[in-house]
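The values are calculated or read from the model by the stated rules, or taken from the named source; none is laboratory data. From a predicted model like this one, the values you see are computed outputs, not experimental measurements. Here the Cβ is made from the backbone with ideal geometry for all residues, glycine too, and neighbour counts use every protein chain on show.
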Amino acid sequence: MDEWGAVGKLLIAAGCGLVAVGLLFVLSDRMPGLSGWFGWVGKLPGDLSIQRESFSFFAPLGTSLVLSIGLSLLFYLLSWLFNR
């Protein structure tokens, strides 16, 4: 039962991290120093945006690719540091 406690702590930490990132995105427009940091999200080449009169479609493929590569590198570095 002890391993479930570790999983629970990991999920709580991941949730707190997601909340922190969400707050950073929400508050970035209101803070003068952070306003330009996240302007690229959803506007990269490869992000599909189709708008018609009664239809709108958005698929952030380029942004998803960049975030996936960044998170993969981050998790690789963290696993390398903790397995030393």
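Annotations
- Any hit, segment 35-43, residues being under 22 Å from LEU18 (Cα atoms) and at pLDDT 85 or above: no
- Hits in segment 24-60 (condition: surrounded by 12 or more Cβ atoms within 10 Å (Cβ to Cβ) and in a helix (DSSP H, G or I)): LEU24, PHE25, SER28
- Selection of segment 72-84 for residues being surrounded by 10 or more Cβ atoms within 10 Å (Cβ to Cβ) and hydrophobic (A, V, I, L, M, F, W, C) yields LEU73, LEU74, PHE75, LEU77, LEU78.
- Here ILE69 meets the list (1) surrounded by 10 or more Cβ atoms within 10 Å (Cβ to Cβ); (2) touching a residue at least 12 places away in the same chain (Cβ under 8 Å) almost entirely, failing just condition (2).
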